[in-house]
There are 2 protein chains.
Amino acid sequence: MRRSSAQGVLYGQTVANVAGIANSDLECMDILYLEGRVSAGRLAEVTGLTTGAITGVVDRLEKAGLVRRERDEKDRRKVFISVVPETAMKIGQLYVPMQQAMEKVFGAYSDEELRLLLRFAVEGYKGVLAATEALKGLLDTPPEKRPNLKLKKLR
Amino acid sequence: MRRSSAQGVLYGQTVANVAGIANSDLECMDILYLEGRVSAGRLAEVTGLTTGAITGVVDRLEKAGLVRRERDEKDRRKVFISVVPETAMKIGQLYVPMQQAMEKVFGAYSDEELRLLLRFAVEGYKGVLAATEALKGLLDTPPEKRPNLKLKKLR
DNA sequence: AATATATATCTTAGTCGCTAAGAGATTTAG
DNA sequence: CTAAATCTCTTAGCGACTAAGATATATATT
């Protein structure tokens, strides 16, 4: 599964490269697909980038016609980002090979087996989230018991 | 699963950040763990970086004491990279939360269910590889039928 | 109402890893 | 025994990122 994950990252890099956008830009497109309309700050949160970096990401994506900025009328400090479906579709096409490959993989399982895989996917995601929390904890609490590499402070 | 994968990438970024090395550096450490002793060129191949970038990666990792360069005595152009286990272990410790979380997830399944998950992992990896191939094919064969974003040529 | 504090995004300067191109060293082919 | 191929490293320049602070708007305090 680690290998699949690594290979999946490579796939994404190729897509970004071909589409002529940066990796982070594509990552943000992905989030926008998954979460829909999202504020700039939330993008920073989810990607782990600074808000300054997100400004750059959205600038590039907007110039490429892939997303739109929309000021929130309720809270005029906020900027919502939303994908422009017609343009974003072109990038989506580059994922067709991946989708087909996955359909083929999943097609080999019975409904009951798929239920197990779904359960695993959900539980696995919870696990990764828990691990992320635990890592943060590991970094906050124990002072000097960690690998004494030169630690850079965490954002 | 896409979400898990994205979150896993974030986890890795945090690890790299804390360890004071670049993302690509950590990715290479990962590959070195999985594949053992590997040539600089192979690292470039697997990561999708240029050989020049790999030189930088290995320079930094070597300076941090995480890997060693070894010239191949059979073919003296080649440079093999291998991890220094004692030092690399310190980074490995940062993956303990992830390992524990995964053990917990997998612990909830019977042997038979685990066999299914293993089968899925193997087939899934094959699928991702196939998709990568298909993507390359998609880029080579049809000339102008692709998303007409400004295409950067592929490495 | 007026001021202070907090929040959300953007701006700027500087840093760092990456690519492209080519150099150096070694191996393989003709 | 020269020529071409292969592998790594070097160099110059570029572009995305961070850190810090500026700007604009919202919320809390008096």
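Values for this structure:
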{"item": "A:Leu116 vs. criteria more than 11 Å from DNA strand D (Cβ to nearest atom), facing chain B (nearest Cβ under 9 Å), in a helix (DSSP H, G or I) and more than 19 Å from the chain's Cα centre (by Cα)", "result": "yes"}
{"item": "Residue that is farthest from DNA strand D (Cβ to nearest atom), among those in region A:8-54 that are open to solvent by 10 Å² or more (accessible area, probe 1.4 Å) and of a type in the set (Asp, Glu)", "result": "A:Glu35"}
{"item": "Only one of A:Leu49, A:Leu34 that is modelled with pLDDT of 95 or more and within 18 Å of the chain's Cα centre (by Cα)", "result": "A:Leu49"}
{"item": "Matching entry among A:Arg71, A:Arg119, A:Arg115 (being in the same structural domain as A:Gly20 (by TED's automatic domain parsing) and either open to solvent by 80 Å² or more (accessible area, probe 1.4 Å) or over 25 Å from A:Tyr11 (Cβ atoms) (or both))", "result": "A:Arg71"}
{"item": "Members of region A:55-66 found to be out of contact with any Asp or Glu (no Cβ under 6 Å at 6 or more places or on another chain), more than 11 Å from DNA strand C (Cβ to nearest atom) and open to solvent by 50 Å² or more (accessible area, probe 1.4 Å), listed by number", "result": "A:Lys63"}
{"item": "Verdict on B:Ser82 being surrounded by fewer than 16 Cβ atoms within 10 Å (Cβ to Cβ) and within 18 Å of A:Leu114 (Cβ to Cβ)", "result": "no"}
{"item": "Residue in region A:87-99 that is touching a strand residue (DSSP E or B) at 6+ places or on another chain (Cβ under 9 Å) and surrounded by 14 or more Cβ atoms within 10 Å (Cβ to Cβ) present", "result": "yes"}
{"item": "Entirely in region B:1-112, the helices (runs of 4 or more DSSP H) that have 2 or more residues that are more than 9 Å from chain A (Cβ to nearest Cβ), under 22 Å from A:Ser24 (Cα atoms) and free of Cβ contacts under 8 Å to residues at least 40 places away in the same chain", "result": "B:2-19, B:23-35, B:40-47, B:51-63"}
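Residue-by-condition table, conditions (1) open to solvent by 50 Å² or more (accessible area, probe 1.4 Å); (2) under 16 Å from A:Leu116 (Cα atoms); (3) at pLDDT 80 or above:
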site: B:Asp111; (1), (2), (3): yes, yes, yes
site: B:Tyr125; (1), (2), (3): yes, no, yes
site: B:Leu129; (1), (2), (3): yes, no, yes
site: B:Arg155; (1), (2), (3): yes, no, no
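The values are calculated or read from the model by the stated rules, or taken from the named source; none is laboratory data. Just so it is clear, the model here is predicted, and its values are computed rather than measured. FYI the Cβ positions are ideal-geometry reconstructions off the backbone, even for glycines, and counts take in every protein chain you see. For accessibility, only protein heavy atoms count, side chains too; no ligands or nucleic acids. Shrake-Rupley method; radii C 1.70, N 1.55, O 1.52, S 1.80 Å.
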